[in-house]
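The values are calculated or read from the model by the stated rules, or taken from the named source; none is laboratory data. Note that the coordinates shown come from a computational prediction; the quantities given were computed from them, not determined experimentally. Cβ sites come from the backbone with ideal geometry, for glycine too, and all protein chains shown count toward neighbours. Side chains are part of the model used for accessible areas, which takes the heavy atoms of the whole protein and leaves out ligands, DNA and RNA. Shrake-Rupley method; radii C 1.70, N 1.55, O 1.52, S 1.80 Å.
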Amino acid sequence: MKKAYYITQMGVLERRGNTLFFENENLKRAIPINSTSEIHCFKPVSLTSGAIKILSEKNVPVHFYNKYGYYRGSYIPVEGQISGTVVIKQAEHHLDPEKRLYIARQFLEGIRASMVALLKSYEADYSHIREVQVEGESPAELMGTESGLWKEFYGIFASLLKHFEFNERTRRPPKDEINALISLGNSVLYTVALSEIRKTYLHPAISFLHEPLERRYSLALDLADIFKPITVFRVILRLVNKKRIRKEHFDRDVGVMLNDEGLRVFISELNSELTRKVLHPRFRRNVSVRYLMRLEGYSLVRHILGDSTYRPLRAWW
Amino acid sequence: MYIIVVYDVDVKRVAKVHRFLRTHLHWRQNSVFEGEVSRAQLYEIKRTLEGLIGDGDSVLIYELPTGNFTLHVIGTDKNPAGEII
């Protein structure tokens, strides 16, 4: 299982001795390129041309975030998995209103199932989430339902937090600590979804629930949403309630952001949640949560090719 | 699977073996590497090492189920492994 690397300090990535090296004044670390799935940079990191060359050869993307934890962009090697058939079929499912609506609705069901799974594990009351009708005649209406679902969820989520206030979701920049954590977690999840989609034949820009916008891989947004409650929100609840993330882990200017120490705590917990193995009932083996994201992609591929009908993930752990 | 590679090779080839292992595994301390690899990677590591080493050299690879072990460090940990840099 290849690993994702997270860089939380400034420095340079360069090629040396046929592998990747991260270097700054205090530290010199080799990154085993053959065992790397992707690299996330949360601080300014420079890449030398040698580094770009070896990243391309080994097909390892590098993702960049800004100081508030928002996704800024990626260096993505030339596409490895290309299938015209899948892309054409995918576009067909996007263009046909009925087909698109089916998939969009399934995504919503997936989001709701994950919310319920999380609330259940915290013994919270999820009956309101259950009651929200997943209906709508257009993707725009479904997006409306989705935001209603999230609103409902945020309310219950806020009541589960033992420390910190969380009243409303604010973005760009986040206005309080919990919003900062949500923003950062969502960005990481989005790029992980992108990395996993790239391993399937799906085109990451053709989405079903979200509108495909320019410069945004919106299919990754679709997919990431299903996993948000059971990864990002689970990690936030755990870290906050166990006081592993505290007031002193944040800095404040226009918005609120994690400092170096806080960033490391949060990222390492999120990473271990993503690489956590759960027993897959059908495969009868342990698979990581991250791999489940790719499985969603595969089952979407089978759906658009007409092999089987897409049913979203129902988190069972 | 998780593997630990320990090698004892002629000084002429130490750098070569080190440089190669670094592309797959974490360097822990002199002549010791460890890390999670796939079966294909393990095969490649074995095959490449066979080509690199010479007479009287020896490389040991310990295969562990899932990194399921406890590490006791005495003295300084020269290069703690981890994905958060």
- Determine, yes or no, whether A:Ser299 is small (Gly, Ala, Ser), open to solvent by less than 50 Å² (accessible area, probe 1.4 Å), outside any helix (DSSP H, G or I) and under 30 Å from A:Tyr201 (Cβ atoms). no
- Item | Matching residues, the stretch B:30-85, being open to solvent by less than 80 Å² (accessible area, probe 1.4 Å), away from chain A (no Cβ under 14 Å) and of a type in the set (D, E, K, R) | B:Asp57
- Note on the structure: Exception for A:Ile103 within (1) of a type outside the set (D, E, K, R); (2) open to solvent by less than 10 Å² (accessible area, probe 1.4 Å); (3) not assigned by TED's automatic domain parsing to the domain that holds A:Tyr217 falls at (3)
- Evaluate the following for A:Ile230: is it open to solvent by less than 10 Å² (accessible area, probe 1.4 Å) and within 26 Å of A:Ile39 (Cβ to Cβ)? yes
- Message: For the stretch A:164-195, give me each residue that is touching an Asp or Glu at 6+ places or on another chain (Cβ under 6 Å) and in a loop (DSSP other than H, G, I, E, B).
- Response: A:Phe164
- Query: Within the bounds of the stretch A:277-287, is there any residue that is buried (at least 19 other Cβ atoms within 10 Å of the Cβ) and among the hydrophobic types (A, V, I, L, M, F, W, C)?
  - Reply: no
- Query: Restricting to the stretch B:13-29, what's the tally of residues that are more than 11 Å from chain A (Cβ to nearest Cβ) and hydrophobic (A, V, I, L, M, F, W, C)?
  - Reply: 2
